[in-house]
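To keep things clear, I will list the structure first and then write my remarks on it.
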Amino acid sequence: QSVLTQPPSVSGAPGQRVAISCTGGSSNIGAGSDVHWYQHFPGTAPKLLIYGNNNRPSGVPDRFSASRSGTSASLAITGLQAEDETDYYCQSYDSDLNGWVFGGGTKLTV
Amino acid sequence: QDELVESGGGVVQPGRSLRLSCAASGFTFSDFAMHWVRQAPGSGLEWVAFISYDGSRQQYSDAVKGRFTISRDTAKNTLYLQMNSLTLEDTAVYFCAKEGKEWSGGNYYYPLTYWGQGALVTVSS
C-alpha cells in the first residue's frame, strides 16, 4: 500500500486530455513537500517529467503540466500521443516516515 | 552527459548478501546526493536509500533498515548498496538515481534527475 495513492490506470484517445491524480496526506503533500513526476517505460530508466510546482526539464514537451492543492497533486497530459502510453509515478517526501515516497504508479493507455 | 551504470546484480539465496555498484560519470559525483530505488516484479517504484553528497548522512526505508547499507567512494565515482539478510521480498530491479538541485521561481527543488538502467536482484532458494 503506497503512501501516495494514484489510480492504477487511465486512458484517453489520441489528441485528448487526461489527468493522473496523486493523493497523499498531512505528512507529505499536505505538509508542503515538493511533488515530482516521472515517466517510466518498463525495462528502461525512469525519466524525470515534472519537478516542483510545475517545472519541466529541458526536452519535456509543454503538453505535460502539473498542479497541486491541499494533500493532492495532479499530472495533466494534453494532446495525447501514442508515444505517451506508459507508466507514470508521483514522488514526494514524507516527514513521518523520514523518507522519500512514490505513488503506486498509473498506466496510461492511449 | 550524465551516466549511471549499475552492476552486481544476480541470483542469491535467502539470508545471503549481495553488493550493488553504480558507476557515475558525466558530472561531479561529489557534488550530488544519490538514491537507490527498486521495482519488484509487477509492482511500482519503491524508494530504498539516500546518501548525502559528502556521505555524512544516510536514510533508509523501513523495509531495508538494519539490513542494507548505502555508501559512496568519491575517488572511484561509485555508489554502493550492501544488501545483507536478503529475503524473497527483496527481489527487484534496483536503480541508482542522482538527486538534482534545480532552481526555479525563487526556489530550489531536489528531484531525481537522472537514473541508471537498473540491476536485477533475484532472491531465490
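The values are calculated or read from the model by the stated rules, or taken from the named source; none is laboratory data. Everything numeric here is computed off the predicted structure, so don't read it as measured data. Every residue, glycine as well, gets a Cβ built from its backbone with ideal geometry; the counts of neighbours run over all protein chains shown. Side chains included, ligands, DNA and RNA excluded: accessible areas come from the protein's heavy atoms. Shrake-Rupley method; radii C 1.70, N 1.55, O 1.52, S 1.80 Å.
For the reader, a short list of remarks on this structure follows.
- A simple rule links phi to the HN-Hα coupling: the Karplus curve 6.51 cos²θ - 1.76 cosθ + 1.60 with θ = phi - 60°, which for segment A:55-69 gives 10, 9, x, 4, x, 8, x, 6, 5, 9, 8, 9, 8, 8, 7 Hz, with x for Gly and Pro.
- Taking all Cα pairs closer than 8 Å and separated by 6 or more residues, the relative contact order of chain B comes to 34 percent.
- Among B:106, B:55, B:66, residue whose mean-square fluctuation peaks in a GNM of chain B (springs only between Cα atoms under 10 Å): B:106
- Nearby lysines by direct alpha-carbon distance to residue B:98 (threshold 24 angstrom, same-chain neighbours under 8 apart not counted): A:47, B:65, B:76
- 1.4 Å probe, heavy atoms, protein only - residues of segment A:84-107 losing at least 50 Å² accessible area vs chain alone: A:89, A:100, A:102
- Computed label-point distance, nm, for sites residue B:117 and residue A:96 using a 7 Å Cα→Cβ extension: 4.0 nm
- Low-density loop positions, trypsin sites (Lys or Arg not before Pro), segment B:1-58 - DSSP coil, at most 10 other Cβ in 10 Å: B:57
- Counting only Cα atoms, segment A:40-84 measures 33, 23, 19 Å along its principal axes, largest extent leading.
- Near the amide H of residue A:72, within less than 5 Å, lie the amide hydrogens of A:24, all on another chain or at least 5 residues away, with H placed in the peptide plane.
- Rotationally averaged projected area of chain B (alpha carbon convex hull; nm²): 8.1 nm²
- A/B buried area, accessible surface, summed, 1.4 Å probe, Å²: 1800 Å²
- Summed over the residues of chain B and divided among them, the accessible surface reaches 47 Å² per residue at a probe radius of 1.4 Å.
- D (Stokes-Einstein, µm²/s), Kirkwood Cα radius, the protein assembly as shown, 0.692 mPa s at 37 °C: 181 µm²/s
- In segment B:67-115, burial by the other protein chains removes 40 Å² or more of 1.4 Å probe accessible surface, compared with the chain on its own, from B:109, B:111, B:112, B:115.
- In Hz, Karplus ³J(HN,Hα) per residue of segment B:93-106 (6.51, -1.76, 1.60; θ = phi - 60°; x = Gly, Pro): 8, 9, 10, 9, 9, 8, 8, x, 10, 9, 9, 7, x, x
- Carbon/sulfur fraction of accessible area - the protein assembly as shown, other protein chains in place, 1.4 Å, %: 46 percent
- Principal axis analysis of the Cα atoms in segment A:1-93 yields extents of 36, 28, 27 Å, listed in decreasing size.
- Converting phi to 3J(HN,Hα) with the Karplus coefficients 6.51, -1.76 and 1.60 and the offset θ = phi - 60°, segment B:62-72 yields 4, 5, 10, 4, x, 10, 9, 9, 9, 8, 8 Hz in sequence order, with x at every glycine or proline.
- log10 of Debye I(q)/I(0), alpha-carbon scatterers only, for segment B:55-125 at 0.11, 0.23, 0.24 Å⁻¹: -0.37, -1.22, -1.27
- Legend: mean number of C-beta atoms from other chains within 10 angstrom of residue C-beta atoms, peptide B:58-65, equals 2.
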